[in-house]
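Encoded as structure tokens, the structure appears first; notes follow it.
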Amino acid sequence: MFGRKTSDSDTVVRLLAAQVRRDISVGLLAPDAKLKIDELRQRYGGSAHSFREALTQLASEGLVEASAQRGFRVASATQTDLEDITRLRAEIETLGLGWSIKHGDLRWESEVLAAFHTYARLCAQADTDRSALAIEWDEAGRQFHGTLVSACRSPRLIEFQDRLHAQSRRFRYAALVEGRIDLSAETHALRNVVEASIARDAGAASAALSQHILSVLER
């Protein structure tokens, strides 16, 4: 009985965290905005305890800042933040990709190809209506980048890669909607990553992936 209650409570916390995470990513909750528990409950539902747990979880992901004196607020999203997140992403993802190329099997190759196909389709579709498809496009990108490192045999690297990608979502979402991402060029760049990965050319694949990730700093 007690285990069931804990499970239900955890589910509620995950759902609340997912809703707030999404709204931070798309800018509905602005950088540095104060997150008041009572206001959040009116907006999303849930108990005060569940929201504290959800915001604590988001703080561990770097999307929310927690202070004993000031409570919770949305994390900042400055150019310095973008540069820091992007450089770390380039280092972590290329490392994970290299390990995945070393250890990945045919199943990993097929998963990479499938994830790229989905993302390429979303890139083509989003180019016609960026605002309407931005969330689906971003999720397909998260799945693709996660698949690249999924065979690296390091759960900690996989977790850190996903966390950094989540922290970059606000910047990518804004860049997409504002027309600062060339989706055709994006598809071409990542096709090079996939082809080199399938060919087991770790050097070329890592270089192409690093160049692609770091290109956001040139926009």
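The values are calculated or read from the model by the stated rules, or taken from the named source; none is laboratory data. What you see is a predicted model; the values in this text were computed from it and never measured. We place every Cβ from the backbone using ideal geometry, glycine too, and count neighbours over all the protein chains shown. All accessible areas refer to the heavy atoms of the entire protein, side chains included, with ligands and DNA or RNA removed. Shrake-Rupley method; radii C 1.70, N 1.55, O 1.52, S 1.80 Å.
Residue pairs whose Cβ atoms lie under 8 Å apart, separated by 6 or more positions or on different chains, with the first residue in the range 151-178 and without any contact (Cβ under 8 Å) to a residue 24 or more places away in the chain and the second open to solvent by 30 Å² or more (accessible area, probe 1.4 Å), are D162/R142. Close contacts from the range 44-69, counting a first residue that is over 17 Å from D23 (Cβ atoms) and a second that is at pLDDT 90 or above and not aliphatic (A, V, I, L, M), with Cβ to Cβ under 6 Å and a gap of 6+ residues or different chains, come to A66/F72. Of all residues in the range 179-198, those being under 14 Å from L122 (Cα atoms), without any contact (Cβ under 8 Å) to a residue 40 or more places away in the chain and surrounded by 14 or more Cβ atoms within 10 Å (Cβ to Cβ) number 2. Within the range 199-216, restricting attention to residues that are assigned to a helix (DSSP H, G or I), of a type in the set (A, V, I, L, M, F, W, C) and open to solvent by 50 Å² or more (accessible area, probe 1.4 Å), which residue is farthest from L82 (Cα to Cα)? Going through the qualifying residues, I end up with A207.
Output the residues belonging to the range 137-163 that are farther than 17 Å from L190 by Cβ and assigned to a helix (DSSP H, G or I).
Result: P155, R156, L157, I158, E159, F160, D162, R163.
Among the residues of the range 22-53, those identified as outside any loop (DSSP other than H, G, I, E, B), open to solvent by less than 50 Å² (accessible area, probe 1.4 Å) and within 24 Å of A77 (Cβ to Cβ) are D23, I24, S25, L35, I37, L40, Y44, F51.
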